[in-house]
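The values are calculated or read from the model by the stated rules, or taken from the named source; none is laboratory data. The structure presented is a predicted model; accordingly, all values stated were derived computationally and were not measured. Reconstructed Cβ throughout: ideal geometry from the backbone, glycine too, with neighbour counts over all protein chains shown. Only protein heavy atoms, including side chains, enter the accessible area calculation; ligands, DNA and RNA are left aside. Shrake-Rupley method; radii C 1.70, N 1.55, O 1.52, S 1.80 Å.
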Amino acid sequence: MAKLQKAPQTALTPVPAVLVTAGTMAESDITTLAWVGTLCSEPPTIGISVRPGRWLHHYIVDNGAFAVNVADTTHARQLDLCGTVSGRDVDKWRLTGFTRTCGISTAVPLIQECPLNIECVVRQTLHLGSHDLFLGEIVAVHIEESIQVDGHIDGSAFDPVCYVAGRYWRLGSQIGPVGFSANDIGKIA
């Protein structure tokens with residue numbers, strides 16, 4: 001199959017499109033990010049990249065914490081909206097109708113309507129160029145019961161928003177559990 005060679009770019013895709021909150025219950029912001037990922041399992045760590053010019057950035061720096069709120073596709077419009085307007089000019093909580101709820105380990109407000117909320121404390125910041133990478137240790141996870149099976153997130157019940165090359169998508173069907181190919185070792189040529 002032919003491939004076209006491209007200049008270096010942000011080509012890793014799909015990635016989760018999430019709503020990141022920072023600040024306090026009294027004063028906070030929400031923004032949409034797709035430059036987010038799990039970086040370590042012990043301690044559990046998430047990395048988020050935020051442009052220093054974003055209003056959210058100063059809340060993260062000032063308070064040393066953030067929350068990753070994973071919306072489902074029913075909230076895709078609000079998710080998109082939070083990435084298109086600035087918290088300097090607009091109260092995104094009021095604009096979207098999202099409900100602030102208290103976390104258990106940080107002062108950062110969580111978005112009640114999101115089925116998955118992950119509270120993080122900043123452990124390190126790397127200045128990369130156009131973005132600052134905040135390494136956040138996960139200190140609490142909140143998962144809506146309706147998307148869980150046996151204590152784990154059920155991919156058939158959870159419908160998160162994915163970002164692919166400037167567009168939002170939803171996930172498809174399950175291929176198999178991790179390790180499903182173990183019986184194929186030695187059979188694959």
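The table that follows gives values for the structure above.
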{"quantity": "Tally of residues being in a strand (DSSP E or B), over 19 Å from Tyr59 (Cβ atoms) and open to solvent by less than 30 Å² (accessible area, probe 1.4 Å) across region 125-163", "calculated": "3"}
{"quantity": "Among (1) within 18 Å of Ala22 (Cβ to Cβ); (2) surrounded by fewer than 13 Cβ atoms within 10 Å (Cβ to Cβ), the one test that Asp184 misses", "calculated": "(1)"}
{"quantity": "Checking Val15 against (1) surrounded by fewer than 13 Cβ atoms within 10 Å (Cβ to Cβ); (2) modelled with pLDDT under 95; (3) not hydroxyl-bearing (Ser, Thr, Tyr), the condition it does not meet", "calculated": "(1)"}
{"quantity": "Failed condition for Asn69, given (1) under 18 Å from Leu135 (Cα atoms); (2) more than 14 Å from the chain's Cα centre (by Cα); (3) not hydrophobic (A, V, I, L, M, F, W, C)", "calculated": "(2)"}
{"quantity": "Search result, residues across region 168-181 that are open to solvent by 60 Å² or more (accessible area, probe 1.4 Å) and over 16 Å from the mean Cα position of the chain (by Cα)", "calculated": "Gly172, Ser173, Gln174, Ile175, Pro177, Val178, Phe180"}
{"quantity": "Matching entry among Ile60, Ile46 (being within 18 Å of Val161 (Cβ to Cβ) and either open to solvent by less than 20 Å² (accessible area, probe 1.4 Å) or acidic (Asp, Glu) (or both))", "calculated": "Ile46"}
{"quantity": "Where Val121 falls short, out of the listed (1) part of a loop (DSSP other than H, G, I, E, B); (2) surrounded by 14 or more Cβ atoms within 10 Å (Cβ to Cβ); (3) in contact (Cβ under 8 Å) with a residue 24 or more places away in the chain", "calculated": "(1)"}
